[in-house]
Amino acid sequence: MADCLLTIALSKGRILKQTLPLLEAAGIAPADDVSSTRKLMLDGPTVDMAGISVAIRYLIIRAADVCTYVEKGAADAGVAGRDSLLEYRPQVYEPLDLKIGRCRLCVAGPARLVAAGPPAPGSRITVATKYDRLTAEYYLNQGIHADIIHLYGSMELAPLVGMAERIVDLVETGSTLKANGLVEEATLYDISSRLIVNPASFATKRTVLQTLIGKLRDSVNA
Amino acid sequence: MNVRPIAGISDALGIRASLLRRLQRALQDLYNDAGYDEVIPPIVDRPETLNAGAGRFLADQTLVFSDPADAGLLAIRPDITPQIARIAATRLQHHEVLKLHYSGPVIHARLDARTGSRQQWQAGVECLGVPGCEGDVEILELASRSMLTAGFERPVMMLGHMGLIHALVEGSQHEVETWVSRLSRRSPEDIENLLADDRLDRERGTLLLDLAAGVAGIDWLRAHAHSVSRHFEQASDELFQLYSLARERLHGQVELVVDAAVLPRFLYHSGMVVQGFAAGAAQPLLHGGRYDAMMHSHGRDMPATGFSFDLWSWLDAGAEV
């Protein structure tokens, strides 16, 4: 019987593939094959952390939901993209940059519009994005009125059908932009995934979480 | 008639209302027995009263409107502590020591993204006129007994000192608010970005990174107490003394942890700061600290310390009496 249960929320998909080697190097990988199971809650190993026997449990959830699970205390820690942290501003700690899932949050648009230069202060444009808050802030700071169209995916389509003049989205290699005739105009933020921690868990399970952070830091730096 | 609900504002009905009253009564009994007198300040006050010495974070949460009867501006209180400061500096100015408690609604101008609410039922305790550790320990003791009265298990009190933060960022071209805002996320990378275009020396930068990394505990403080500045040393000494006395007085009731990265909810604290946590509650249950500087802004120089919390949040976190 473990002394402590530690619940860690992991983002599904591309980020999960990059997270697993870090967990393995830290000796806390899930017991099941995460890529083949349909389970949303998985057992990890029971490990010794600073003399405390800790049972690890994983939640496998959508990237945007990791912040919510950790903020609400349903998970003690999690792996979340900096894009979600900046957009939703959850009340969590971000003690470690895992240096995975690297990309950029960019403004992009049709080549001919971008070639004409950025919108002038006082002008008005339509922007498609799932990052409503960050997009509104970015244009507000430049004195530009942005009408934001919230989309859940495939942002690149919006300028092609005349629905928006710009998009704000994550760009990794730029190949999807290129394939759709779009070019980058500006970078808002460099993005990577971070280990996030619930503040109350950090207070009440401090020794265990400090050990976890240390193990993962070693994995990142290895 | 427009009966559309107001964003972030709701009625409390039935069992929820009675649970709040029951919890409120139990805590009021605790404070009365400890020798604290109840005060009931009004829901509205003058904006300058509510914001005197209170910093930008509180002003940002204050709803202000024009009063047709008085032809001036009034504000709905987002926090009761500044009203206690006003009372201590005016109507109760002849009392050397004031021990007061209160409980009532406050309204924030902005929605809390986590709860979707902008109303709180703030209860709190303020101890004025008792200098140094004695006042702070009395407050910590009542804070821990409050959490235990509400049935929270394994309470943890995290202790910090605003003097440490002020001393570390002294000489920075960024405002304290900016540092506090970044430190609240405890992201070393964000602190590195802020340091990159700041003139702070390397040693202070390294210590700020330690704060963000969550390793600035009591041993860290002992190791660095004398290496930054006289102000840092003074704040460290105050925290050592408080930690030592509080451990004696609160032994067995609550776990006490020193963490130099503990931050206040609003920026009017100038000395000790405290956050209270408990197992099963996802966010801090209470905030508090010493606010002598705010008393100065209200025109009365006297030591002041206290803590407050939101009764609705306590009920949501499972408080039961």
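The values are calculated or read from the model by the stated rules, or taken from the named source; none is laboratory data. Given the structure is predicted, the values throughout are model-derived calculations rather than measurements. Positions of Cβ are backbone-derived with ideal geometry, glycine not excepted, and every protein chain shown enters the neighbour counts. Keep in mind that these areas ignore ligands, DNA and RNA; they rest on the heavy atoms of the full protein, side chains included. Shrake-Rupley method; radii C 1.70, N 1.55, O 1.52, S 1.80 Å.
Among the residues of region B:141-200, which ones are of a type in the set (D, E, K, R), on the phi < 0 side of the Ramachandran plot, open to solvent by 40 Å² or more (accessible area, probe 1.4 Å) and over 16 Å from the mean Cα position of the chain (by Cα)? First the steps, then the outcome.
Initially, region B:141-200 is screened for residues of a type in the set (D, E, K, R), giving B:141, B:145, B:153-154, B:170, B:175, B:177, B:182, B:185-186, B:189-190, B:192, B:197-199.
So of that shortlist, the ones also on the phi < 0 side of the Ramachandran plot come out as B:141, B:145, B:153, B:170, B:175, B:177, B:182, B:185, B:189-190, B:192, B:197-199.
Those still in the list that are open to solvent by 40 Å² or more (accessible area, probe 1.4 Å) too: B:141, B:145, B:153, B:170, B:175, B:182, B:185, B:192, B:197, B:199.
Of everything in region B:141-200, those that are of a type in the set (D, E, K, R), on the phi < 0 side of the Ramachandran plot, open to solvent by 40 Å² or more (accessible area, probe 1.4 Å) and over 16 Å from the mean Cα position of the chain (by Cα) turn out to be B:R145, B:E153, B:E170, B:E175, B:R182, B:R185, B:E192, B:D197, B:R199.
Can you tell me which residues in region B:121-145 are in contact with a helix residue (DSSP H, G or I) (Cβ under 6 Å, 6 or more places away or on another chain) and closer than 24 Å to A:K72 by Cβ?
Listed by number, the residues that qualify are B:W121, B:A123.
Quick one: which of B:A71, B:A85, B:A52 is among the aliphatic types (A, V, I, L, M) and at pLDDT 95 or above? First the steps, then the outcome.
On the way: B:A71 fails: at pLDDT 95 or above; B:A52 fails: at pLDDT 95 or above.
Every option except B:A85 fails the conditions.
Mind checking which pairs have a first residue in region B:67-92 that is closer than 13 Å to B:A304 by Cβ and among the basic types (K, R) and a second that is at pLDDT below 95 and open to solvent by 10 Å² or more (accessible area, probe 1.4 Å), Cβ under 7 Å, 6 or more apart or different chains?
Pairs that qualify, where the first residue is closer than 13 Å to B:A304 by Cβ and among the basic types (K, R) and the partner is at pLDDT below 95 and open to solvent by 10 Å² or more (accessible area, probe 1.4 Å), are B:R86/B:T49; B:R86/B:H298.
Which members of region B:215-226 meet the condition of being surrounded by fewer than 20 Cβ atoms within 10 Å (Cβ to Cβ) and outside any helix (DSSP H, G or I)?
Our first condition is that a residue be surrounded by fewer than 20 Cβ atoms within 10 Å (Cβ to Cβ); within region B:215-226, this holds for B:215, B:217-220, B:222-223, B:225-226.
Selection gives B:V215, B:G217, B:A225, B:H226.
Select from region A:15-31 the residues that are in contact with an Asp or Glu (Cβ under 9 Å, 6 or more places away or on another chain) and either surrounded by fewer than 17 Cβ atoms within 10 Å (Cβ to Cβ) or outside the structural domain of A:L209 (by TED's automatic domain parsing) (or both) and list them in ascending order.
Restricting attention to region A:15-31, the residues satisfying the condition of being in contact with an Asp or Glu (Cβ under 9 Å, 6 or more places away or on another chain) are A:25-26, A:30-31.
Selection gives A:A25, A:A31.
Evaluate the following for B:L245: is it within 11 Å of chain A (Cβ to nearest Cβ), in contact (Cβ under 8 Å) with a residue 60 or more places away in the chain and not small (G, A, S)? Walk me through how you get there before you give the answer.
Working: within 11 Å of chain A (Cβ to nearest Cβ): no; in contact (Cβ under 8 Å) with a residue 60 or more places away in the chain: yes; not small (G, A, S): yes.
In short, no.
Which of the numbered conditions does B:S227 fail, given that it passes all the others? Conditions: (1) farther than 24 Å from B:Y291 by Cβ; (2) away from chain A (no Cβ under 14 Å); (3) at pLDDT 95 or above.
(3)
Hey, A:G122 hits all of (1) at pLDDT below 95; (2) touching a helix residue (DSSP H, G or I) at 6+ places or on another chain (Cβ under 7 Å) but one; which does it fall short on?
A:G122 satisfies every listed condition except (2).
Residue check, B:R56 against (1) of a type in the set (K, R); (2) in contact (Cβ under 8 Å) with a residue 60 or more places away in the chain; (3) outside any helix (DSSP H, G or I), all met but one. Which one?
Failing condition for B:R56: (3).
Looking for something touching a Pro at 6+ places or on another chain (Cβ under 6 Å) and within 25 Å of A:L195 (Cβ to Cβ) - is there at least one such residue anywhere in region B:189-208? I'd like the intermediate steps shown before the answer.
Just the residues of region B:189-208 that are touching a Pro at 6+ places or on another chain (Cβ under 6 Å), to begin with: none.
No, region B:189-208 contains no residue that is touching a Pro at 6+ places or on another chain (Cβ under 6 Å) and within 25 Å of A:L195 (Cβ to Cβ).
Can you work out which of the residues in region A:63-122 that are charged (D, E, K, R) and away from chain B (no Cβ under 12 Å) is surrounded by the most Cβ atoms within 10 Å (Cβ to Cβ)? Full working, then the answer.
Let us first name the residues in region A:63-122 that are charged (D, E, K, R), namely A:65, A:71-72, A:76, A:82-83, A:87, A:89, A:94, A:97, A:99, A:102, A:104, A:112.
From the residues that got through so far, the ones that are away from chain B (no Cβ under 12 Å) too are A:65, A:83, A:102, A:104, A:112.
On the way: A:D65: 17, A:D83: 24, A:R102: 14, A:R104: 17, A:R112: 9.
Checking each candidate, the answer is A:D83.
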